[in-house]
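Trainee: For reference, the structure I am asking about is given below.
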Amino acid sequence: MALAAGLLLGYFIFSGPGDAMNATGEHNHTQADADQMWTCSMHPQILQPEPGSCPICGMDLIPADSGADGLAPGQLRLTENALALADVQTIRLGDTESGNRVLTLSGTIEANEKKIATQSAYFDGRIETLSINYEGEPVRKGQRLATLYAPDLVAAQQELLTAARLKETQPQLYQAVRKKLELWKLSGERIRQIEESGEVQEYFPVFSDVSGTVSQIDVAAGDYVRKGEPLFRIADLGTVWVEFDAYENQLAALKTGQELTIRAGALEGREFRAPIQFISPILNSTTRTAVVRATIDNSGGELKPGMFVRAELEVSGEAAGEGLVVPQSAVLWTGERSIVYVKPDASRPVFEMREVHLGTALPGGYRVLDGLLPGEVVVVNGTFTLDAAAQLQGKKSMMNPESEPMGKMHDHGDMGSEDGMAANVSSGTGQPGPKLPQADQAVFREVLSAYLELKDALVASDNDKAARAAAHAAGLLKSAGEGLSGLRGDFRELGAATDVDGKRERFIGLSERMVALASGVSDLPGTLFVQFCPMADENRGAYWLSKQESIRNPYFGDAMLTCGEVRDTL
């Protein structure tokens, strides 16, 4: 009886609720199995009480335990090795900074409208010949541009010859006829020749009033023109305008007279300096930008109208009206919400998602109106990696703000471990991509080339080229494995859209899938930039992949060509 009592007492003292043994000596998993939840590694918002397939992508569900990890809701922890692989970097927010900031503007070279002259017809007539046949041709002042046949000018010459014979007796009549010809731009030498020859000239040349470059030809040989109609536009490109688009939240930092440092991509190593001469008082209601203009000397003719340029200028923190500022790279946009990741304790690798309210965009960052305090540590590099880690752990994230923390997932290959997750997570949308089989990786690299052609076609608003690129990509995916399932349907749907707008709408989902899959390819063909436009998809924001770091927006084309920013690099 004493032995039995001792055994019973030891059982209650040394066993926990989850450590009870059954009769065979094994742990009792009945309650644990009942509480087990299953999730998808690609869509962690999916939680089911039993194994099966993901209803979104069809992948097998993996177990997600619900054990407590000692973290507050919305927090996640990474190992030191995972932090190193993800290259997570942080800064401590301070009070108002007194130093200057650099503001960058994008724009184009335009002809100086103050130096554009319109060559008009001074009398009715017919264009017999054109001496200038193409736009861009240089002309000199006094150079012949065209030859006209003018019946009114023939009659005026006859009046001149008659008045010339009577100029001794009727000098006023003679002077009136002569003045009429002078107003029609006939030179005194030409009038004298007509008087001396006594012959009427049927064809008269039109001479250029200025020197410059022909920017527009409005007539062709054989056309009839009326007095005052434009024949040519001639631009003096000795000076050119450079016009930039400044967003409305940048205008507070801009003033006339500020010095701009201007660089053109076509002229590497060259810099031009010019002050701001004009800031448009009218805002473009479509692009939400205002024109900022400067004038540059172009006596060497290196700058061509239409060239893309970038300008930098220093603005003081006081001029920008700064308060607490968070760097641009720290902010994740989801359309209406702005999210950052903070480190509550600088000594621990624990991070917390924080929704913030941002104000004016400043050079290099955004003014913080609510959600952050001076001295808090904010993640400025690796933000997408952290957000994807939160999704894998079933916690609140950029795409799943209402998710409840479910603890860490069980190991599922490399993607189940924190280190592998940090190395293989997608940097673009926060959706991680699993490692693709080698055969699928080879197909994906070919498809990627067609995808980039499709993106360029949407930038150019070329509907036919976009359809061909989508069809080509769909053809490449005929032999693809399960790792690329669904991608062929995305390309076929996009190609079936009848217009560019429809293709751009389908490009949103396609790009999200491409960004996620690109993270699972071990040997990408060069560097890819994950780019983001906050105004796409009805202000919800959308991503895309590009081989060029410069922004060329496929969702708006020429309407908002440079709208967006680089969010990460693959």
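Trainee: Could you tell me which residue of the range 51-91 is surrounded by the fewest Cβ atoms within 10 Å (Cβ to Cβ), considering only residues that are at pLDDT below 75 and on the phi > 0 side of the Ramachandran plot?
Mentor: So, considering only residues that are at pLDDT below 75 and on the phi > 0 side of the Ramachandran plot, the one surrounded by the fewest Cβ atoms within 10 Å (Cβ to Cβ) is G70.
Trainee: Go through the range 160-174 and count every residue that is under 20 Å from Y122 (Cβ atoms) and surrounded by fewer than 17 Cβ atoms within 10 Å (Cβ to Cβ).
Mentor: 0
Trainee: Please find, within the range 472-514, the residue that is surrounded by the most Cβ atoms within 10 Å (Cβ to Cβ) out of those that are in contact (Cβ under 8 Å) with a residue 40 or more places away in the chain and not in a helix (DSSP H, G or I).
Mentor: Only one residue tops the list, namely A480.
Trainee: Only one residue in F204, F244 is in the same structural domain as T287 (by TED's automatic domain parsing), among the aromatic types (F, W, Y) and either in contact with a His (Cβ under 9 Å, 6 or more places away or on another chain) or surrounded by 17 or more Cβ atoms within 10 Å (Cβ to Cβ) (or both). Which one?
Mentor: Values: F204 fails: in the same structural domain as T287 (by TED's automatic domain parsing).
From the options F204, F244, the qualifying one is F244.
Trainee: Of the residues V368, V350, which single one is at pLDDT 75 or above and under 29 Å from A542 (Cβ atoms)?
Mentor: Values: V350 fails: under 29 Å from A542 (Cβ atoms).
Sole residue among the options that is at pLDDT 75 or above and under 29 Å from A542 (Cβ atoms): V368.
Trainee: Select from the range 120-158 the residues that are within 50 Å of the chain's Cα centre (by Cα) and of a type in the set (S, T, Y) and write down the one among them that is surrounded by the fewest Cβ atoms within 10 Å (Cβ to Cβ).
Mentor: Y134
Trainee: Only one residue in T289, T256, T261 is at pLDDT 85 or above and either crowded, with 20+ Cβ neighbours inside 10 Å or in contact with a Phe, Trp or Tyr (Cβ under 6 Å, 6 or more places away or on another chain) (or both), so which one is that? It would help to see each step written out before you state the result.
Mentor: Values: T256 fails: either crowded, with 20+ Cβ neighbours inside 10 Å or in contact with a Phe, Trp or Tyr (Cβ under 6 Å, 6 or more places away or on another chain) (or both); T261 fails: either crowded, with 20+ Cβ neighbours inside 10 Å or in contact with a Phe, Trp or Tyr (Cβ under 6 Å, 6 or more places away or on another chain) (or both).
Every option except T289 fails the conditions.
Trainee: When both residues are 6+ apart or on different chains and their Cβ atoms are under 6 Å apart, which pairs have a first residue that lies in the range 365-387 and is within 22 Å of L78 (Cα to Cα), and a second that is of a type in the set (D, E) and part of a strand (DSSP E or B)?
Mentor: So the pair list comes out as F384/D568.
For (1) charged (D, E, K, R); (2) at pLDDT 85 or above, each residue gets a yes or a no:
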site	(1), (2)
D419	yes, no
G433	no, no
Q441	no, no
V447	no, yes
K465	yes, yes
A473	no, yes
G483	no, no
G486	no, no
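Trainee: Out of all the residues in the range 209-252, which are part of a loop (DSSP other than H, G, I, E, B) and under 34 Å from the mean Cα position of the chain (by Cα)?
Mentor: In the first step, residues of the range 209-252 are kept if they are part of a loop (DSSP other than H, G, I, E, B); the result is 209-211, 218-223, 226-229, 236-238.
If the condition is that a residue be part of a loop (DSSP other than H, G, I, E, B) and under 34 Å from the mean Cα position of the chain (by Cα), then D236, L237, G238 are the ones that fit.
Conditions tested, residue by residue: (1) modelled with pLDDT under 80; (2) not in a helix (DSSP H, G or I).
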| site | (1), (2) |
| --- | --- |
| E135 | no, yes |
| A146 | no, yes |
| D152 | yes, no |
| Q157 | yes, no |
| L160 | no, no |
| A164 | yes, no |
| T169 | yes, yes |
| Q172 | no, no |
| Q175 | no, no |
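The values are calculated or read from the model by the stated rules, or taken from the named source; none is laboratory data. None of the values given here were measured: they were computed from a predicted structure. Positions of Cβ are generated from backbone atoms using ideal geometry, with glycine treated the same way; all protein chains shown enter the neighbour counts.
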